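Scroll down for the structure; my scribbles are underneath it.
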């Protein structure tokens, strides 16, 4: 199988995915399908999903653009009988449905898994939730912030003498979205054996739980470790391991082995540390963490992040600058490997969107600007369902679908 | 396809995976395969992978038990010619190889993807790295801490007037591990079409990048938002959105809509807030964030986390208690749904391991205690490769494999 460029086809080419995702969780699952070559039809409420328009009702939010590259947009009113019939027609001709509505929404729309399976026994139904379909928390509303709170991310982040801190990135949403994607692909793999699709689910709370391995192990094994350890090792059993001040910000340093410690002392120009009786073994270094950290920071604080990083890299000691998110987006490493991509939006101008963290060397990455609302309504209804123009115009007239007609080249893209 | 219990087979049943993982990243990828029914053979250095024995060289670390449920253990010396020959024999009879060594290690062992593919063109080679195989950072050593630093997680976590803070959970390791798993399953799906395996890669740095959507959007769109916003919304454009003090800890509250705000004011017994001109629209509430937060905390601080949580849930306002990791592990919700499982280790006694965040309703979850070092050496070499006992004993004698013979029932499990 090769594509137009003669390169191997993307691994999920030929699959059709209906994405009813909103915000980050469901849309990230859909984005991963799009990155790997599936045809992803984003079915949105007629006014766009929650993330599409935030401050300005005519311009997409940057977050929306980041999550919806390479998809097609079909705004469809699932609250209308006709809208649901169109949706079921699409289900019949698709492989996967993704949704992350509140528990019960799809049932109330009469679009439960059982109904979809009756339409197409090969359909894979991927459901993202906060807490799963059952259990005491099942019906709670879940947001990244509240799941970080209940799942222990917030209590284990911050300093021992300070308040708990949420993680800046939307950790819970994204880690759940990629688990859901993995589950859906596993269901497709299974379908090749059984001939039948299945229901697959990931709850945000569940997806975060395994990531607690370090702080949970520390608290199961010992009583003397604080709930939060700032930037130190969860078990307070490794040093150097911290974020250290540099002259222009901060750097991370982590000596896993004696060899790293010896190289660090050399690269700091302070080989005498190696003879210091307080620091000769990992156990002793952990016991004298404060002194170790003071010695390391005395060195880092006189240098820029870049200078420390360069020296650590040359000495093969694990370390990195603490970069701002803006520096990350511009990092030549991520720009060069296609992970940080710049796209041109007709109104916003240049903006940054992520490429694919799943790489198949030799398969060209796919990354087209997220669709404008209704950009593909006509194409999808015509090409996938075979509807004629009169039918499509009728659906638009009745408010069942929204159409954004293609503008002639050179015209303004503003509504 | 059904299993012994008459339930549908796990979706990845019938696949054989060779996992050369260490610490969290590669092992989490292997764990997800095991959860979904694949046969996972963990190939470790003769003394065990880095995570197996930490403080005590005879007892597994709790982290190791958390990451290695339901796998088989085959300690094999890949630095020996004979060990590599045994490994290649296994590759010929397997579907997937997972590794997360430093870049170049497999090449130096003469076990590159090209070599493995020559042995078995259907093999899927899943490679987890810190920074990918190419680019300026490719050869850097990567740990969860250093990737959190370079990838913007640390700079975007913490308070505006305080230092940057690492996330307590090992965010970068785990999110990369599940992306790698998804990629490997996508490669298996593709193999059913092409007949050929492939190389699939995920770098930790890449996997974290998409999760920056909120802080990155805020900094691309505006100049007036601080790098860190504590527990507030990344764009400082939503209120209430914060972690609030309760009488016995903290709670998270997030009002997404006007409806949530109305319900919160009612449930706080403070409907007068709804008439306050400073708070009538989302825009105004965001402008008066300090006053909103003070009003909410005046209410939460007089109540326990449980009481606040109960009232928010009844009012359908998104909220959650900030739970400690120990509370998370004991949460009846996670215990009831099988996500927090208790297993009995012969030396450590009861300990907690995660179940599967990818759920196929109807397929029973798989979760057996992680293997002790060499527990399955004899079984794997006999059943998979057909070696006879004399050959196996010879390999053990030469130090190529390590065997832990099964003890008769009732004997001590300690070495």
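None of the figures in this text is laboratory data; all of them are computed from the coordinates on show. As the structure is a prediction and not an experimental result, all values here were calculated from the model. Backbone-built Cβ (ideal geometry, glycine too); neighbour counts: all protein chains shown.
Numbers below:
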read-out	value
FRET efficiency, 1/(1 + (r/R0)^6) with R0 51 Å, evaluated for residue A:248 and residue B:348 via beta carbons	0.65
Beta bridges per DSSP with both ends in chain A, % antiparallel, nearest 5	45
Point-to-point label distance, residue A:327-residue B:379, nm (Cα→Cβ direction, 7 Å offset)	4.9
At R0 = 45 Å, FRET efficiency that the Cβ-Cβ distance of residue A:275 and residue A:335 yields, to 0.05	0.50
Equivalent ellipsoid, chain B (semi-axes from 5 times Cα gyration tensor eigenvalues, Å)	48, 25, 19
Mean separation of Cα contacts under 8 Å (6+ apart) over length of the range A:174-236, as relative contact order %	28
The protein assembly as shown - mean residue ellipticity at 222 nm from DSSP helices (-39,500 (n - 2.57) per run, n ≥ 4, rounded to 500)	-10000 deg cm²/dmol
Point-to-point label distance, residue B:316-residue B:266, nm (Cα→Cβ direction, 7 Å offset)	1.0
For B:114, B:107, order by how many other beta-carbon atoms lie within 10 Å, fewest first	B:114, B:107
The range B:238-323 shape via C-alpha gyration tensor axes, a/c threshold 1.5	prolate
For residue B:50, inter-copy label distances in nm, listed shortest first [label point 7 Å out on the Cα-Cβ vector]	3.9
Shielding score for B:326-335, defined as the mean number of other chain Cβ atoms within 10 Å	6
In range of the label at residue A:114: residues from the range A:62-103 whose backbone nitrogen is under 18 Å from the point 7 Å along Cα→Cβ	A:103
Inter-chain Cβ neighbour average for residues B:35-44, partner chain, 10 Å	1
Choice from B:216, B:88, B:274 showing the highest fluctuation, given a GNM over chain B with Cα pairs closer than 10 Å	B:274
Number of partner chain Cβ atoms within 10 Å, mean per residue of A:188-195	6
Most mobile of B:48, B:319, B:132 in a GNM of chain B (Cα contacts under 10 Å)	B:319
Candidates A:65, A:334, A:180, ranked by Gaussian network fluctuation over chain A, Cα under 10 Å, top entry	A:334
Whole-number percent relative contact order across chain A, with pairs defined as alpha carbons under 8 Å at least 6 apart	18
Relative contact order for the range B:238-323, counting Cα pairs under 8 Å that sit 6 or more residues apart, in percent	45
